[in-house]
Amino acid sequence: MPDSESNPRATPADTPPASAAPPARPPDELVLAALERAARHQARETPAVPAWTLLEHLAIPRRSAAARHVSARLAAMQASGWVQRSRRHGAPTWELTAAGERQLRRARDSGALAALPESPQHRTWRIAHTAAEQEIERFRADLRRRLERAAQLLDARERPHSDSWLELGEELQHACRRLASASYCLHEWAEPDDARADIDEHIEPGDEALDAPQRAQRRARRAGRRNVRLWDERR
């Protein structure tokens with residue numbers, strides 16, 4: 001059983017390269033480190049982490065032999081007093097105990113703790129950053145083409161039907177939001193530090209100069225700017 005040393009401070013491992021492969025049977029200390037990081041990265045005040053989130057931090061598929069190994073080790077570590085189990089909305093959750101934190105600190109201090117796989121939040125950033133880098137010029141060209149279409153409608157000899165403007169308005173809105181999202185992901189979204197949760201609060205420098213309604217409006221516009229799945233084509 002672990003001794004009564006004082007609780008350690010969080011000491012996150014450096015983010016490993018995206019190609020780092022997770023171990024097939026992660027040792028107990030690596031599971032503890034993943035549990036610690038998962039608790040630090042979630043947007044909740046409670047440190048309790050669902051099992052599926054823990055597996056994400058270990059880069060382990062949910063239905064796999066490695067996942068079953070982790071489940072068995074969690075039960076063993078609960079018996080040892082390193083983790084405790086609770087439930088949230090009927091689903092089991094896990095969190096480190098003070099004894100588990102001490103065991104994790106000893107592993108770090110000894111140099112025996114392997115690096116965790118890339119964190120889910122860093123992987124999300126990397127995928128979005130890469131996608132924006134690949135697509136932003138195409139998005140710019142697409143918006144330019146639609147703006148040229150708007151100019152053509154404005155200069156048309158025959159009055160365009162109102163449906164043409166309504167349709168083009170929807171296309172322009174989507175094209176502008178898509179380009180704004182790609183620009184944010186490429187130039188404004190800083191690479192996340194695993195020492196803290198990377199949560200988009202939709203706040204930017206200079207917002208304090210706006211009045212409350214303007215701040216609320218800008219924050220609402222920024223919703224979804226990290227979501228590359230919203231970059232679908234709308235012809």
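Quick note: the coordinates plus some simple rules give every number you see, no bench work behind them. Since the structure is predicted, the reported quantities are computational estimates derived from the model, not experimental observations. Backbone-built Cβ (ideal geometry, glycine too); neighbour counts: all protein chains shown.
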Amide proton proximity set for Val83, modelled H, under 5 Å, gap of 5+: Gln78, Thr97
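At a Förster radius of 25 Å, what calculated FRET efficiency corresponds to the Cβ-Cβ distance of Arg88 and Asn227, to the nearest 0.05? Mind showing how you got there, number by number?
Details: r = 25 Å, r/R0 = 0.99.
Rounded to the nearest 0.05, the efficiency is 0.50.
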Residues Trp94, Trp189, sorted so that the one with the fewest Cβ neighbours within 10 Å comes first: Trp189, Trp94
Label corresponding to log10 I(q)/I(0) by the Debye sum over Cα atoms at q = 0.08, 0.17 Å⁻¹ when calculated from the structure given, among (1) -0.32, -1.16; (2) -0.45, -1.20; (3) -0.28, -1.45: (2)
Per-residue Cβ neighbour rank within 10 angstrom, fewest leading, Cys185, Cys176: Cys176, Cys185
Net charge of Cβ neighbours under 15 Å - reference Ser86; Lys, Arg +1; Asp, Glu -1: +2
Net charge dipole size for the chain [Lys, Arg +1 and Asp, Glu -1 on Cβ; Debye, nearest 20]: 700 debye
Rounded to whole Hz, the Karplus (6.51, -1.76, 1.60) HN-Hα couplings of segment 123-128, x for glycine and proline: 5, 4, 4, 4, 5, 5
Residues Asp207, Asp198, sorted so that the one with the fewest Cβ neighbours within 10 Å comes first: Asp207, Asp198
Listed residues Ala150, Ala66, Ala115: farthest to the positive end of the dipole of the chain (Cβ charges): Ala66
Within the chain, helix-based [θ] at 222 nm, where runs of 4 or more DSSP H residues each add -39,500 (n - 2.57), nearest 500: -17000 deg cm²/dmol
Choice from Leu32, Leu168, Leu104 with maximal GNM fluctuation in the chain (Cα, 10 Å cutoff): Leu168
Full-extension gain in nm, Ser183 to Ala76, via 0.36 nm per residue minus C-alpha separation: 33.8 nm
Per-residue ³J(HN,Hα) for segment 89-98, Karplus 6.51 cos²θ - 1.76 cosθ + 1.60, θ = phi - 60°, Hz, x for Gly and Pro: 6, x, 9, x, 10, 10, 8, 5, 9, 4
Gaussian network model of the chain, springs between alpha carbon atoms under 10 Å - residue of Ile203, Ile136, Ile60 with greatest fluctuation: Ile203
Student exercise, segment 80-204 dipole from Lys, Arg, Asp, Glu Cβ charges, in Debye to nearest 20: 560 debye
